[in-house]
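What follows is one structure encoded as structure tokens, with my remarks underneath.
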Amino acid sequence: MSSGLLEYAWLIPVVPFIAFLIIVFCGHRLRNASAYVAIGGMAGAFLLAFPCFLVMARGAQPISHNFHWITLGNARIDLGYQVDSLTAVMLMVVTFIGSLIFIYSSGYMEGDPGYHRFFAYLSLFACAMLLLVLANNFVMLYAGWEGVGLCSYLLIGFWFEKPSAMRAAKKAFLVTRTGDCGLALGIFLLYSKTGSVSFEPIFSAAREHPHEIVFTIAALLIFFGAVGKSAQFPLHVWLPDAMEGPTPVSALIHAATMVAAGVYLVARSYALFEAGGEHSIALQVVAWIGVITAFMAATIAVAQNDIKRVLAYSTISQLGFMMLGLGVGGYTAGVFHLMTHAFFKALLFLGSGSVIHGFHHEQDMMKMGGLKKVMPYTFATYFIGYLALAGVPPFAGFWSKDEILHHAMMHNFPIFLLGAAAAFLTAFYMTRQMCLVFAGQQRDTHIHAHESPAVMTVPLMVLALFSALIGLVGATGHSFHHFVHFGEEAPAPFSVPVALVSLFVAGAGIGLGWSLYGKKPLARPEDDPLLRLGKLYTFLENKWYFDEVYDKIVIQPLLWITRTLSRFDQKVIDGAVNLVGILTIIFSRLHQLFDLYIVDGMVNLVGIVTRKIGVTGRYLQTGLVQGYLLVVYLGVVVLVVWQLYAAK
Amino acid sequence: MQSSTFSQWLLTLIIFLPLFGAIAILFLPKDKANPVKWLATIVSFVVLVLCVALFTGFDSTATGMQFDVSAPWIPSIGVSYHLGVDGLSMPLIALTGLLTFISVLYSWIINERPKEYFAFFLLLETGMMGTFCALDFFLFYTFWEISLVPMYFLIGIWGGPRREYAAIKFFLYTLVGSVAMLLAILALYFNYTDPVTGKHTFDILTLIAAQHAKPLLGLAATLSFWAFYLAFAIKVPAFPFHTWLPDAHVEAPTAGSVILAGVLLKMGTYGLVRFNLALFPLQSAEFAWVIALVGIIAIIYGSMVAMAQSDLKKLVAYSSVGHMGFVMLGIAAAAAPIVPDSQATREILINAKVTALNGATLQMVNHGLITGALFLLVGVLYERTHHRNIDGFGGLWKRVPVYGAMLVYISLASLGLPGLSGFVGEFLALLGSFAIFKLGTALSVIGIVVTAAYFLWMLQRILLGPLNERYKDLLDMNAVEKWCLAPLMLLIFILGIYPAPVLDPVNTAMNHLVRDVMGLF
């Protein structure tokens, strides 16, 4: 295997795109075969990506290729793709987990009237996501970024007859687009500073001028984009609602890949974040936002009863952990957690999908219970995912989370404390979920639960295997750290005290959960011990009232402004135009009156005067000789009298 | 390359072929509609083919005018028949050819007085083509006014219930601007005297060169600048002169709306670049902030007002106000003065100006394609349901999947999704503008979010949710409608991925323009 394989990396997003085109144009004829086309496209991408990964893992040099896109002024704008270790990891995560989820979907979506539409969207998503991770410049990254956002919109709203689904889809698109504007502004700023949109020239400029405030501002703007996409506080509100989409979508897009794109973006632009040093403002912001998100989402997850919503808030919380890791200088740790989380969270979501599928599309955990017996495969695999997320060694989540906490402790103690608290809550709410779903007796006995078919359980088993073992690549021999690192390679941090702390935290969470829900499984929903928290529970159950606050301070004012401006436009601006029109008409009427009485009046006056003169003058010309003689006589008299006076 | 006879006659053919078509239509029998429709379709198709020839024959690396012809017309007052195209006008001419052909094709559904309808339509094409080709002010003004008349009748005769009000408003509003422009043209005319012959001239290129060498000064220059601005701002339409647009669109027949939004609005922005920037570089720099402010207001205000509309056509009309705001912002960025601290920064800033202007021009073309397609889709829906109230639909996607997919596609293009052409123009305009107007550009991204919001909200209310029972028998797109939209959708995709075929000639022209103007400072 030579590094020449990397030259074909650009084909990786092309294959799913071809699958997309085939399904779009022939989907109505293919019907159920469209699933095979989509799976073929995704597996094809995996077969192309896997050798790339192996080549990179053996220490091949990163490659980057450009082609001429457009010319702006005298500057060429080149776009292109690159493969380095970070990209290689992302390619593997996306194509491998993607393939499994595509296979799973072919069973989960069986019988849906929009079957081929579903696989068209999934293929398009794969293409956009792969474009995003392969890009070597901000323009293509942004294109992939918006592309995955579009697919997320289409897939959340897949069952668009359902009003809640279409609202959730719109919300997801708009909230993430708000973040995207930050990313766009960051790109604009970098272009105005460096005249380029490619990573390499921009990052080397940042390295050369580490104290330029511009790069910090750009980093923060880019981070705002990541906050939207990765559902970080305060733009996290879209992700829980996104669970309206089919469950494989939640697994692929809203857990394993797309939401991790924000983390990838920060990792990719780490040169900008790190420009001001290890404690730069940008990194501090990333760390704090990350830990706040991790903690807040974990508290909310505790008080949710919808099986998917718990996982959704858990995802937000874990994404917060990844950001936290990047923010406290644990570049490798953050990326490592991204990878492990992708496996175990995809597993958990697909497992929850299996539960929902076998439980006749009911998602309320309060109606479940005792499913261990009916769904043995689902239970076993879910249990591994649970251990991985809760942070039990040697399962995947333990290693990556432990590393993040280690970095946090060395870096910033308050952040470490908050992070440890979040880890405790994680172990607790996952134990609560396990017990509510699988332990005890089924609470709503009207539903006849059943295990899912093999096409769904086999991907679960594969993912379970990886969730169990993948963490070891970061634990033994530090091979992951050797592979993915920023700047100089650093040894994997591992210290026994920190490991003990995180072990204790996880153990405490599991213990509390077990004592409340496991020892004596819940018989009735009203017995939930959390209800004793009273107001605090209501606060958490209502997700810290974020939606209500946004409705009050953003949505309603915006709608009011739009309505007001619309009235302003109609009444004032258009009113002014019409007023001018009316005034012109009035003026022309006045003008007409003026014309009639003044101008025309003058003309008539002249006429009248002339006529009067004429009429008067007529008497001078009567044609009677006597009259003329009389005038002559009178004239003579006047002359004589005048002469007499003059002579005096 | 301009030596061949074909090259010399190409622009003349493009301009006057529709006129001859219109005259020929008048001689056709009144009672039969089909010969009229066929003739109009064939003529507009031939013009489209000629436009393709123009596009492919155009040398995108050469600065200056191509395919130019010049002949004396009224030599005693310095009027000549001078035509030519550069990278600014060529894409707009191609756009006009395409949109006119599609509009004529779509207009086969017109059965009321078809003879006059199609004659006016072809006459309109002559006016638009002439406006973009003319390099003599007398000629330009003539074509500018010619394009006004057929549109007045198209709205006034084949329009909706309030057609007369809308038509008169459109006509008078534009005329006010035109008259101001005429005065400014005369000011330029009398300011220049040929040193050899001692004569005045209406030749645009000569006047531009003269303005750079020995410009009009003081109040006269400022007034002339604003007079041109007024004429073009009304046409764009820029805030606050935009209120004729929603009325005209709502009342215009579908094909009229396509041309109005697709081409007529571009005559305004074309004029701003061609005349305001090139003729008045000093005043443009001085008042660039005004144009930028107008652009930013248009982006935010236009999208916010669009959001509050319940009439689908009004929504699209206000979206045009917002989208043309990006063009205005790009033009303003290109006009604005810069204070570079080094030679390298100066080069970056000049490239940014060119980028902004490239984006503005590309946005003109893309807006033509996208909004043209949107108005067609609105028309398709109106033909079937006879109303345009957004809240009166619901769940149509289930019933009309092809229509739904097309409406989603075009809406996404309009809200600037990467991969579709709307994005490239908007992105480049903002990319360039940001280097010049940091805060203003940052503010205008509010408009981007609101644009996404109202388009998605519109899609939600029309296509998504449970099917409105009134439309359970709604028919999907027929073949003609699909074929009208297919070329637009294809171009939107191609230009979204690879805009270079259009952008290369634009960049050459804009690079030349900006550096030419920057040389004066």
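We did not get these values from a lab; they are worked out from the coordinates using the rules stated. In this text, all values refer to a predicted model and were calculated from it rather than measured experimentally. Every residue, glycine as well, gets a Cβ built from its backbone with ideal geometry; the counts of neighbours run over all protein chains shown.
Rounded to the nearest 0.05, what FRET efficiency do A:L21 and A:H485 give with R0 = 41 Å and r taken as the Cβ-Cβ distance? Could you check?
0.60
What's the local net charge at B:P505, with K and R +1, D and E -1, over the other residues with C-beta under 10 Å away?
Once positives and negatives cancel, what remains is -3.
Can you give me the angle between helix B:89-106 and the longest principal axis of chain B, using Cα atoms only, in degrees from 0 to 90, rounded to the nearest 10?
20 degrees
Relative contact order of the range A:300-457, please, whole-number percent, based on alpha carbon pairs below 8 angstrom and at least 6 residues apart.
That works out to 34 percent.
Residue by residue through the range A:269-286, what is 3J(HN,Hα) from phi via Karplus (6.51 cos²θ - 1.76 cosθ + 1.60, θ = phi - 60°)? Round to whole Hz and write x for glycine and proline.
Values per residue, Gly and Pro as x: 9, 4, 4, 6, 5, 8, 4, x, x, 5, 10, 4, 4, 4, 5, 4, 4, 4 Hz.
Could you work out the local net charge near B:H242, counting Lys and Arg as +1, Asp and Glu as -1, over the other residues with Cβ closer than 14 Å to its Cβ?
Charge balance in the 14 Å sphere: 0.
Net charge within 15 Å of B:F427 by Cβ-Cβ distance, Lys/Arg positive one each and Asp/Glu negative one each, not counting B:F427 itself?
Overall, the nearby charge balance is -2.
So what's the protein assembly as shown giving for Cα Rg divided by 2.2 N^0.38 Å, two decimals?
Numbers: Rg = 36.4 Å, N = 1169, 2.2 N^0.38 = 32.2 Å.
Expressed relative to 2.2 N^0.38 Å, the Cα Rg reads 1.13.
At 222 nm, what helix-only mean residue ellipticity would chain B give, in deg cm²/dmol to the nearest 500, using -39500 (n - 2.57) for each DSSP H run of four or more?
The helix-only estimate for chain B comes to -24500 deg cm²/dmol at 222 nm.
Can you give the Kirkwood hydrodynamic radius of the range B:172-270 from its Cα pairs, in Å with one decimal? Before the final figure, lay out each step's value.
Values: mean 1/r = 0.0664 Å⁻¹.
Computed over the range B:172-270, the radius equals 15.1 Å.
Please list, ordered by chain and number, the residues whose modelled amide H lies under 5 Å from the amide H of A:I77; skip anything fewer than 5 residues away on the same chain.
The answer is A:W69, A:I70, A:T71, A:L72.
Which whole-angstrom value gives the distance between the alpha carbon centres of the range A:416-462 and the range B:136-164?
If we compute the Cα centre of each part, the gap is 69 Å.
Given the C-alpha atoms of the range B:287-521, compute the convex hull and give its volume per residue in Å³.
Taking the convex hull of the Cα positions in the range B:287-521, it is 108 Å³ per residue.
Run lengths n ≥ 4 of DSSP H only: what is the helix-derived mean residue ellipticity at 222 nm for chain A, with -39500 (n - 2.57) per run over all residues, to the nearest 500?
Numbers: 30 runs with 444 residues, N = 648.
It lands at -22500 deg cm²/dmol.
Run down the aspartates and glutamates and flag those whose C-alpha is under 15 Å from the C-alpha of A:K193, throwing out any fewer than 8 positions away in its chain.
Result set, ordered by chain and number: A:E208, A:E212, B:D341, B:E347.
Please tell me which of these pairs span more than 22 angstrom C-alpha to C-alpha: A:K162/B:K472; A:K162/A:K372; A:K170/B:K472; A:K170/A:K535?
Listed pairs above 22 Å: A:K162/A:K372; A:K170/B:K472; A:K170/A:K535.
Okay, which of the range B:45-76 sit inside 19 Å, backbone N to the point 7 Å along the Cα-Cβ direction of B:V196?
From the range B:45-76, the list is B:69-76.
Could you estimate the translational diffusion coefficient of chain B from the Stokes-Einstein equation, with Rh from the Kirkwood formula over C-alpha pairs, at 37 °C and 0.692 mPa s, in whole µm²/s? Display every interim value, and only then the final one.
On the way: Rh = 23.1 Å.
D = 142 µm²/s.
Simple spin-label model, 7 Å along Cα-to-Cβ: B:S76 to A:V615 in nm?
Computed distance between label sites B:S76 and A:V615 equals 5.1 nm.
Thinking of chain A as a set of Cα atoms, what percent of all their pairs are more than 49 Å apart?
26 percent
May I ask you to evaluate 6.51 cos²θ - 1.76 cosθ + 1.60, the Karplus curve with θ = phi - 60°, for each residue of the range B:130-139 and list the ³J(HN,Hα) values in order in whole Hz, giving x for glycine and proline?
Going residue by residue, I get x, 4, 6, 8, 5, 10, 10, 4, 4, 5 Hz, with x marking Gly and Pro.
Give the dimensionless ratio obtained when the Cα radius of gyration of the range A:545-648 is divided by 2.2 N^0.38 Å.
Rg over 2.2 N^0.38 Å, computed on Cα atoms: 3.05.
Across all directions of projection, what mean area in square nanometres is found for the Cα convex hull of the range A:159-278?
Reported value for the Cα convex hull: 7.8 nm².
Straight distance only, please: which lysines reach the Cα of B:K266 with their own Cα at less than 23 Å, same-chain residues fewer than 8 apart left out?
Leaving aside lysines fewer than 8 places away in the same chain, those within reach of B:K266 are B:K169, B:K235, B:K313, B:K314, B:K353.
Return one number: the angle in degrees, 0 to 90 and rounded to the nearest 10, between the long axis of the Cα atoms of helix A:331-358 and the longest principal axis of the Cα atoms of chain A.
90 degrees
With θ set to phi - 60° and the Karplus curve 6.51 cos²θ - 1.76 cosθ + 1.60, what are the ³J(HN,Hα) couplings of the range A:33-43 in order, to the nearest whole Hz, using x for Gly and Pro?
5, 4, 4, 5, 4, 5, 4, x, x, 5, 5
If I model a spin label as a point 7 Å beyond the Cα along the Cα-Cβ vector, how far apart are those points for B:W457 and A:H209 in nm?
For B:W457 paired with A:H209, the spin-label model returns 4.1 nm.
Between B:V52 and B:E164, how many nm apart are label points set 7 Å from Cα along the C-beta direction?
4.4 nm
Normalised by the residues of chain A, what does the relative contact order come to in percent, with Cα pairs under 8 Å and at least six apart?
11 percent
Where the convex hull is taken over the Cα atoms of the range A:597-648, what is its projected area averaged over directions, in nm²?
The Cα convex hull of the range A:597-648, projected and averaged over all directions, gives 5.8 nm².
Between the range B:4-40 and the range B:452-521, what's the alpha-carbon centroid distance in Å?
The distance from the Cα centre of the range B:4-40 to that of the range B:452-521 comes to 29 Å.
Find the Cα radius of gyration of the range B:1-95, compare it with 2.2 N^0.38 Å by division, and give the number to two decimals.
Taking the Cα Rg and dividing by 2.2 N^0.38 Å, one obtains 1.29.
With charges set only on the Cβ (+1 for Lys and Arg, -1 for Asp and Glu), what does the dipole of the protein assembly as shown come to about its Cα centre, in debye to the nearest 20? Before the final figure, lay out each step's value.
Details: 65 positive and 62 negative charges, 470 e Å.
Around 2260 debye, computed over the protein assembly as shown.
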